[in-house]
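Shown next, in structure tokens, is the structure this report addresses.
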Amino acid sequence: MPSEEVVIRTPERYFLVLEALNVVPNYQSVNDIKEMLADHGHVVTERTVQRILEYFQSRFGLISRDKPNAAGRPPKEWAWSKKMGPPRLQPVDPPSALTLQLATELLAPVLPGPYMKDMTKDLARARKALGQISPTAKKLPQKIKILPRGRGRLPATVDQEILNTVFNALLAEKRILVTYVSGSGQQQSLSNYELSPLGLVFRFDSFYLVHVREPKSESQDANLVMEWPLHRFSSIKPLDTKIRMPPNFDLNEHLDNPGFIQNHFLKKIKKLGTEIKLRLLFSEVTARYVMERPFSEDQKRKTCEDGRVLITATARNTRELLSELLNFADDIEVLAPKALRDYFRDVSENLCRRYQT
């Protein structure tokens with residue numbers, strides 16, 4: 001029967017080898033591992049080291065190759081693959097694997113390459129662990145999918161280096177120097193700006209950098225918080241200057257601001273304030289959908305004489321609200337507020353004139 005010391009020290013060898021192994025192309029030989037163990041007080045044979053390495057190979061995908069320039073029968077060298085990386089020893093159950101799968105799908109367009117690379121490694125490990133539980137458990141992440149909004153158009157393309165630099169600037173709270181493309185078509189122009197990144201917003205498959213810029217003239221408001229799409233950044237340079245934070249700035253409050261990512265023709269709607277009292281007429285079918293996903297907690301409904309349903313709600317005055325209402329097309333009639341009704345009337349008249357011919 002092995003002594004208590006042997007029982008304790010055997011797992012310790014595995015952990016030491018686990019910590020010592022590197023990722024390709026930094027291979028290590030059996031002799032390298034053997035010497036490392038000896039330095040920690042574990043005097044073992046080469047065959048013992050080989051058994052440990054072969055265990056990691058079968059369990060966690062450790063890879064090996066013949067040692068280059070070795071005379072005769074070349075010995076093996078060992079390392080973790082770039083794709084899988086070193087293993088993490090926490091158990092992976094079906095809920096955890098499913099969480100990783102959904103998080104990967106959601107964050108794939110959002111995270112910079114290096115961050116996403118670590119997630120895909122974890123996902124690969126989770127799938128392998130699920131396969132060892134049961135064949136059906138391995139299929140679970142493939143049976144639930146997330147469909148993001150905005151699938152009707154291709155997402156805006158952001159250069160990976162620009163996204164990486166913005167992320168790092170946000171983490172370090174340092175400024176950036178960017179070349180920004182304004183206008184469209186033949187009216188495009190390039191301008192350089194020094195920006196203080198305050199936040200990053202992912203909306204409908206597009207990135208927006210929330211920031212303040214260093215004014216180029218006295219007429220520019222130095223504390224004006226703006227949102228610029230990252231796909232219009234043609235170049236970027238990190239600066240070692242601390243960001244300038246506007247007084248009392250809060251990203252969550254800024255996102256609720258009616259002017260967030262505004263268009264110029266929405267000035268009248270912006271003046272309605274942060275909350276608006278909606279009075280909307282829907283068909284009975286659409287009203288059921290709206291009651292399932294209400295505009296607010298105080299939402300109410302009332303059936304009218306013509307069969308339509310009057311829905312009242314106190315909703316936040318945001319671009320998302322306007323987009324939701326526009327999606328209903330002619331299946332909605334806006335009664336109040338007046339500025340919103342006027343906007344829908346103008347849109348309807350413009351569409352009518354455009355499609356009459």
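The values are calculated or read from the model by the stated rules, or taken from the named source; none is laboratory data. Remember, predicted model here, so these are calculated numbers, not experimental data. Note that we place each Cβ from the backbone using ideal geometry, even for glycine, and neighbour counts take in every protein chain shown. These accessible areas exclude ligands, DNA and RNA; they are computed on the full protein's heavy atoms, side chains included. Shrake-Rupley method; radii C 1.70, N 1.55, O 1.52, S 1.80 Å.
Using the Cβ-Cβ distance between residue 57 and residue 103 with R0 = 35 Å, the FRET efficiency computed as 1/(1 + (r/R0)^6) comes to roughly 0.75.
Rolling a 1.4 Å probe over the protein heavy atoms gives the range 191-317 an accessible area of 60 Å² per residue.
Average projected area of the Cα convex hull of the range 248-357, in nm²?
Seen from a random direction, the Cα hull of the range 248-357 projects 8.3 nm² on average.
Each peptide in 293-302, 169-178 receives the mean, over its residues, of other Cβ atoms within 10 Å, and ordering these scores from highest gives 169-178, 293-302.
Which peptide among 213-221, 45-53 comes first, and what is the full order, when sorted by highest mean count of other Cβ atoms within 10 Å?
45-53, 213-221
The accessible surface of the range 218-297, taken with every protein chain in place and a 1.4 Å probe, is 50 percent carbon and sulfur.
Given a 1.4 Å probe, how much area per residue of the range 27-74 is accessible, in Å²?
63
Here the label points at residue 32 and residue 12, each 7 Å from Cα along the C-beta direction, are separated by 2.4 nm in the simple model. The slack in the chain from residue 161 to residue 339, taken as 0.36 nm per residue of separation less the alpha-carbon distance, amounts to 59.8 nm. Approximating the spin labels as points 7 Å out from Cα along Cα→Cβ, the residue 297-to-residue 220 distance works out to 4.2 nm. With bins 5 Å wide beginning at 0, the percent of Cα pairs of the range 168-218 falling in each bin runs 5, 16, 22, 24, 20, 10, 3, 1.
Would you please give the FRET efficiency between residue 83 and residue 251, computed as 1/(1 + (r/R0)^6) with r the Cβ-Cβ distance and R0 = 51 Å, to the nearest 0.05? Between residue 83 and residue 251 the formula returns 0.90.
Taking all protein chains as shown and a probe of 1.4 angstrom, residue 231 keeps an accessible surface of around 80 Å².
Once the chain from residue 174 to residue 244 is taken as fully extended at 0.36 nm per residue, the excess over their C-alpha distance is 24.3 nm.
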